[in-house]
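The values are calculated or read from the model by the stated rules, or taken from the named source; none is laboratory data. It should be emphasised that the depicted structure is a prediction, and the values quoted were computed from it without experimental measurement. Note that we place each Cβ from the backbone using ideal geometry, even for glycine, and neighbour counts take in every protein chain shown.
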């Protein structure tokens, strides 16, 4: 399936307000937060959760000419779903990329060391290099589920609240696991494996649901 640049751009531009707000919140926080960053950092995890909800909601509520374009210009439901996922990846990359570069290029470490005179840097800078991959895993876990919830709740049939309960349960479980500051290596491996299975399941379920059920714009 060939992606249509104009289609992806339309969806990306629709989410541009969310992307700009996310950048204005995340990058200054990373640069100015005085404490060393950890995977269980509450504010970053709340930010990722809020960003995922905002993206899924924004992409799930396109009205007017945009909706008419999506559903009346000859695109199949599989094409719509694929472009929706592609635009989601771009929206995440537009925020996650600058956040990661702040750590990988030493920008955060330099500001903390030379401007804020933090005693932790540059000594602890290497500890933070792997955090962007943890954040990316969080996006990969949450966004497919939130997209599925939107598609399911957009249906006129009964039982759509069950999808919301599944998403709430996922967030509670993931938040509980992240809140612990130490895990055995085997437990981390099993957790990432289970999260990967849940991501693939949510993506596949969302694709099937988008294909077989009527989406109400």
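The set of residues in the stretch 119-139 being buried (at least 16 other Cβ atoms within 10 Å of the Cβ) and part of a helix (DSSP H, G or I) consists of 125, 128, 131, 132, 134, 135, 136, 137, 138, 139. For the condition in a helix (DSSP H, G or I), at pLDDT 70 or above and either more than 22 Å from the chain's Cα centre (by Cα) or surrounded by 15 or more Cβ atoms within 10 Å (Cβ to Cβ) (or both), residue 196 does not qualify.
Restricting 108, 114, 77 to those that are buried (at least 18 other Cβ atoms within 10 Å of the Cβ) and either modelled with pLDDT under 90 or out of contact with any strand residue (DSSP E or B) (no Cβ under 6 Å at 6 or more places or on another chain) (or both) reduces the list to 108. The condition of being farther than 24 Å from residue 84 by Cα and part of a helix (DSSP H, G or I) holds for only one of 44, 53, that being 44.
For the stretch 34-73, filtering for residues that are more than 21 Å from residue 13 (Cα to Cα) and modelled with pLDDT under 80 leaves 4.
Could you tell me whether residue 86 is surrounded by fewer than 19 Cβ atoms within 10 Å (Cβ to Cβ) and in contact with a helix residue (DSSP H, G or I) (Cβ under 9 Å, 6 or more places away or on another chain)? Against the criterion (surrounded by fewer than 19 Cβ atoms within 10 Å (Cβ to Cβ) and in contact with a helix residue (DSSP H, G or I) (Cβ under 9 Å, 6 or more places away or on another chain)), residue 86 qualifies. Given the condition outside any loop (DSSP other than H, G, I, E, B) and at pLDDT below 85, answer yes or no: does some residue in the stretch 17-33 qualify? Looking through the stretch 17-33, none of the residues is outside any loop (DSSP other than H, G, I, E, B) and at pLDDT below 85. Scanning the stretch 108-127 for residues that are in contact with a helix residue (DSSP H, G or I) (Cβ under 7 Å, 6 or more places away or on another chain) and within 18 Å of residue 27 (Cβ to Cβ) yields a count of 6. Among the criteria (1) surrounded by 15 or more Cβ atoms within 10 Å (Cβ to Cβ); (2) assigned to a helix (DSSP H, G or I); (3) at pLDDT 85 or above, the one residue 7 does not fulfil is (3).
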